[in-house]
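These notes are about the structure you will find just below.
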Amino acid sequence: MTLITVENLSVSYGANTVLRHVDMVIEAGEIVTIVGPNGSGKTSLLRAIIGATKPSAGQVTLKPGLKIGYVPQKLHIDPTLPISVERFMRLTNRVSRKNCVEALKTAGVPDLLTRQMSQLSGGQFQRVLLARALINRPDILLLDEATQGLDQPGSAAFYHQIEDVRRKTGCAILMISHELHVVMSASDRVICLNGHVCCEGSPAVVASAPEYRALFGTGTGGALALYRHEHDHEHDHSKDSREAAE
Amino acid sequence: MLDDFMTRATLAGIGVAFAAAPLGCFVVWRRMAYFGDATAHAAILGVALSLTFQMSVFTGALAVALLMAMTVTLLSGRGYAMDTLLGVMAHSALAFGLVAVSLLSGIRIDLMAYLFGDILAVSRSDLLVIWGGAALVVALIIWRWSQLLTATLNEELAYASGYDPKREQLILTLSLAVTVAVAIKVVGVLLIAALLIIPAAAARSLARSPESMALIAAAIGAFSAVAGLRAAYVFDTPAGPSIVCVAAILFACFSLVGWQTKHKL
């Protein structure tokens, strides 16, 4: 079942066109990652999907009644704003405390309910954002560089959590990431964006595509090697990434 | 009861404190402290205009404050940083206002009354305007509370939840303009921002939730109004500044207490 259809989408800010003629389809239950260099329009694409940016051409069609869980790129809560994790999670959702606890459990932080948001660490904060997005049992999760500010083990753990969420809830996941190494292992499909869709397909296919290599060059090879190295130590399911690196 | 000028002054102070408290919380959370200043300074121009065209001071001040608020909202994010824009607009509006007042021929106005407020001269009809405006602002904020709070936390989060953060920003801006217009008589143009920010800031160290911060700020503001007026009466000091002084002292005390408990943990 198709959740999101993007047809011929273009987005401009003034005279500056950041996206042209983008076509994209997200199916139920799949993990899709958008990679691309800075300024390639990744965030604009996500903003167009949630309706925060008006397309200058083309259109975004959501499945009727589609429930979206959104995890923002970076959320700065001013320290002058006192708000507990529970209050934060229930702010835009009419849900019970029990649902909050459940969502926190799914996101891997079951004990944070009564803490103040300003007291959380970076990793805890991102997981609370994830839990907040999960609370309404969304059909799809949108993550905009959700691991910004986390160190490498931290973001690897976060992406494992995402895979875990998909396994438990079956919701589709569309995420933006600049951390190619992590992305390669977790995604069903990778879309390589640079103002337009350069190439897309399974992680292995994209990694070997000439367009992708032209964009990310040798630096990526290094990152993948690093990742493979790490995972040889810690995990046993790094096959995808090894294929991707080769 | 309303025959006594002290009673009227106290009621006026409490009315303004109630509107300023929740609004002040948003001003603090969103770091738009300068916004209150700018809107207030612009209101002097409104006072001059309303005297020229023989409208009520409230109408003139409200019109210019609204205009100012909308202009700044429109211009923000287009080349100049927000604080630069506000600095330019606030002080030029104040300057133009003062010049305009001096050009008014044949009318003697007490400029000090508008710069520092003249709460002791509050009339029954002023009281009606103040409480009407305050009720409007408080009702607006209660009605949009979750949306305002979400938009304050994160713009994209608001969009994803189906709210338009720009509309929420506009609601805040309009409320700010109304509050400034009704508060001119009470504390004056130069001290309105203080009444917005100080009670909210003082409430921060005592509050555990956004709602409690707004309520505590309202209590601190109302107490400052009552105690400030009393102090002004006893020590024969100007009323508006005395109110702000009480609020500032409360801020210092609560911050010290908050700082101490934090460091004991």
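Let me check I have the definition right: for the stretch B:5-190, take the eigenvalues of the Cα gyration tensor, multiply each by 5, take square roots. What are those semi-axes in whole Å, largest first?
Here the semi-axes work out to 29, 21, 12 Å.
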With labels modelled as points extended 7 Å from the Cα through the Cβ direction, what inter-label distance (nm, one decimal) is found for B:Ser209 paired with B:Leu98? 4.6 nm
Rounded to the nearest 20 debye, what is the charge dipole size of the protein assembly as shown about its Cα centre when +1 sits on each Lys and Arg Cβ and -1 on each Asp and Glu Cβ? 1020 debye
Leaving out ligands, DNA and RNA but keeping every protein chain, what accessible area does B:Leu215 have, in Å² rounded to the nearest 10, with a 1.4 Å probe? 120 Å²
Can you show me the helix-derived [θ] at 222 nm for the protein assembly as shown, built from DSSP H runs with n ≥ 4 at -39,500 (n - 2.57) apiece and divided by the number of residues, rounded to the nearest 500. -20500 deg cm²/dmol
Rounded to one decimal in nm, the spacing of the 7 Å Cα→Cβ label points at B:Leu75 and B:Asp164 is 2.4 nm
Could you tell me the largest-minus-smallest coordinate of the C-alpha atoms of the stretch B:14-101 on each of the three principal axes, in descending order and whole angstroms? 37, 37, 18
Counting Lys and Arg as +1 and Asp and Glu as -1, each charge on the Cβ, what is the dipole of chain B about the Cα centre in debye, to the nearest 20? 420 debye
Length gained when the stretch A:Asn38-A:Ser208 is fully extended (0.36 nm per residue, less Cα-Cα span): 59.1 nm
Just to check, using Stokes-Einstein with a Kirkwood Rh over alpha carbon pairs, what's the diffusion coefficient of the protein assembly as shown at 10 °C and 1.306 mPa s in µm²/s? 62 µm²/s
Taking R0 as 22 Å, what's the FRET efficiency between A:Asp23 and A:Gln152 from their Cβ-Cβ distance, rounded to 0.05? 0.10
Bin by bin, in steps of 10 Å, what percent of the Cα pairs in the stretch A:1-152 do you find, going until the bin that has the longest distance? 10, 35, 32, 20, 3
In nanometres, what is the gap between the two model label sites at A:Asp164 and B:Thr261, each 7 Å from Cα along Cα-to-Cβ? 3.4 nm
Positive-end residue, the stretch B:5-190 charge dipole about Cα centroid, Cβ charges, pick of B:Leu153, B:Thr7, B:Leu104: B:Thr7
Am I reading the A/B interface right? What is its buried accessible area, both sides, 1.4 Å probe, to the nearest 100 Å²? 2100 Å²
How much length is gained on full extension from B:Met55 to B:Cys253, taking 0.36 nm per residue of separation minus their Cα-Cα distance? 67.0 nm
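The values are calculated or read from the model by the stated rules, or taken from the named source; none is laboratory data. Remember, it's a predicted structure, so these values are computed and weren't measured experimentally. Neighbour counts are summed over all protein chains in view; Cβ atoms, including those assigned to glycine, are modelled from backbone coordinates with ideal geometry. These accessible areas exclude ligands, DNA and RNA; they are computed on the full protein's heavy atoms, side chains included. Shrake-Rupley method; radii C 1.70, N 1.55, O 1.52, S 1.80 Å.
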